[in-house]
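Notes follow the structure.
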Amino acid sequence: MIVLGIETSCDETAAAVCRDGRILSSLVNTQTIHHRYGGVVPELASREHERGLNILVDAALVEAGLKRDTIQALAVTQGPGLAGSLLAGICFAKGLALGLGVPIIAVNHLEAHIFANFLADPTLDHPFVCLLVSGGHTQLWWVPKRGVYELLGQSRDDAAGEAFDKGARILGLGYPGGPEIERLAELGRVLIDFPRSLLERDSLDFSFSGLKTALLYFMDSYQEATSPYSLADVAASYQQAILEVLAEKLARALEHTASGKAVIAGGVAANRHLRELVSNRLPSTRTIYPDLPLCTDNAAMVAFLGEVYLQEGQTSSLDFSARPNLRLG
Ligand code: KG4
Ligand code: ZN
């Protein structure tokens, strides 16, 4: 089956073609228009999606060596995400599905992130613990079987990706903050003891707002020329404080569920230092990550999950709408 996937939940316009569980092409256009504002401007994002989708879909088909009329189904992100951005992708996908006379599948973006792991490791099976770490979500899930998601814990304030993005802004780095902090941190040493919020003893929840405030106060009186710490040391120490908490909570969740299998999903999964910390903290746990380009937003994960739904006989009726606050489970 040939499925065209479309992803427009935030500031990445993405199109991908999946055939029988294999990705034939996956194109992502990261909108650069937001850089000058230091964050995503929703109105600009939806306009950019509208402008870019047609060309991107054609390019994805050319790369897959296919023509439009070979598409057998459309899969599109329904939510969560920015309302206008989601609508741009959904309207485009509905129009195309109607024109081609093929079914459409509305896909949950968070579930698609998790499914990027089945693409990375086709031998992955349930049950497993999932650490979902993106720009808007930091959650621990117990996934006993397909489609069943039991929430173990989540952030009470900022998401881990948000902590990277806000931290980068405080450090005067660009957006998105995760890759910027990771790059700078590689040149630095972990010397500053930023707070790790582990909450109550048995809690699987997270909190990152105190850490962000600690960085803000630290930077208030910081001058690189006179400080014993370079800016890279600050970035490395801040990154370490975020990632240690993620690794520790993942370890607790595995213990809590007596599970030996962990799946990491979402943009922060692209962080190489996270991978290192988790493998040091959990040497005997089987840990699966998506391939690096499939950690951050992409349409390959959407097309792939759409095909899974189709194989189970699930399609969506054409009257579904965007769900900006869609949840898992
Ligand atoms: O999953 P994603 O692409 O979009 C959402 O669904 O939110 O995640 C984006 C988040 C951003 O906050 C970004 O700073 C973070 O993932 N991120 C990273 C890295 N690459 C992206 N965080 C840490 N290290 C990275 N290498
Ligand atoms: Zn995402």
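The values are calculated or read from the model by the stated rules, or taken from the named source; none is laboratory data. Just so it is clear, the structure is predicted and the values come from calculations on it, not from any experiment. In this analysis, Cβ positions are derived from the backbone assuming ideal geometry, glycine residues included, and neighbour counts consider all displayed protein chains. All accessible areas refer to the heavy atoms of the entire protein, side chains included, with ligands and DNA or RNA removed. Shrake-Rupley method; radii C 1.70, N 1.55, O 1.52, S 1.80 Å.
Here are a few things to note about the model shown:
- Each principal axis of the chain carries a Cα extent, and these read 65, 47, 31 Å when sorted largest first.
- The trypsin sites (Lys or Arg not before Pro) of the stretch 253-329 that meet both conditions, a loop assignment by DSSP and at most 13 other Cβ atoms within 10 Å of the site Cβ, are Arg327.
- Take Leu310: with every protein chain present and a 1.4 Å probe, its accessible area is about 30 Å².
- At a probe radius of 1.4 angstrom, the accessible area of the chain per residue rounds to 43 square angstrom.
- A Cβ-based charge dipole, computed about the Cα centre of the chain with Lys and Arg at +1 and Asp and Glu at -1, lands at about 300 debye.
- Descending Cα extents along the principal axes, the stretch 209-314, whole Å: 64, 33, 22
- With contributions of -39500 (n - 2.57) from each DSSP H run of at least four residues, the per-residue ellipticity at 222 nm computed over the chain stands at -13500 deg cm²/dmol.
- Pairs from Lys145/Lys249; Lys94/Lys249; Lys145/Lys212; Lys166/Lys249 whose Cα-Cα separation, in the structure shown, is over 30 Å: Lys94/Lys249; Lys145/Lys212
- Principal-axis analysis of the Cα atoms of the chain puts helix 300-311 at an angle of about 50° to the longest axis.
- Accessible surface of the chain [probe 1.4 Å, protein heavy atoms]: carbon and sulfur percent: 51
- Kirkwood Rh and Cα Rg combined as Rg/Rh, the stretch 107-158: 0.96
- Here is the size of the stretch 132-241 from its Cα atoms: Rg then Dmax, 15.5, 55 Å.
- Computed over the stretch 250-294, Kirkwood Rh from alpha-carbon pairs, angstrom: 10.9
- Computed from Cα atoms alone, the Kirkwood hydrodynamic radius reported for the stretch 93-182 is 15.6 Å.
- Packing, taken as the mean count of other beta carbons within 10 Å per residue, orders the peptides 298-304, 223-229, 42-48, 109-115 from highest to lowest as 298-304, 109-115, 42-48, 223-229.
- Relative contact order computed over the chain (Cα-Cα under 8 Å; 6+ residues apart), in percent: 26
- Compared with the alpha-carbon gap, the fully stretched path from Leu318 to Arg189 is longer by 41.1 nm at 0.36 nm per residue.
- In Å², nearest 10: area of Val41 left accessible to a 1.4 Å probe: 40
- Here the contact order of the stretch 74-117, divided by its residue count and restricted to Cα pairs under 8 Å and six or more residues apart, works out to 53 percent.
- Span per principal axis, largest first, for the Cα atoms of the stretch 1-124 (Å): 41, 36, 23
- For the chain, the longest principal axis of the Cα atoms and the long axis of helix 160-170 meet at an angle of about 60 degrees.
- Across the protein chains, with a 1.4 Å probe defining accessible surface, the residues Thr287, Thr8 rank Thr287, Thr8 from largest area downward.
- FRET efficiency for Tyr37 and Arg281, using Cβ-Cβ distance with R0 set to 41 Å, rounded to 0.05: 0.65
- Projecting the Cα positions of Asn29, Leu250, Val148 onto the charge dipole of the chain (unit charges on Cβ atoms of Lys, Arg, Asp and Glu, taken about the Cα centre) puts Val148 furthest along the positive direction.
- Taking Cβ atoms as reference points and 12 Å as the exclusive limit, the residues near Asp297 contribute a net charge of -3, counting Lys and Arg as +1 and Asp and Glu as -1.
- Rounded tilt (10° steps) of 83-100 against the dominant C-alpha axis of the chain: 20
- Given a 1.4 Å probe and the protein chains as shown, Leu98 ends up with an accessible area of around 120 Å².
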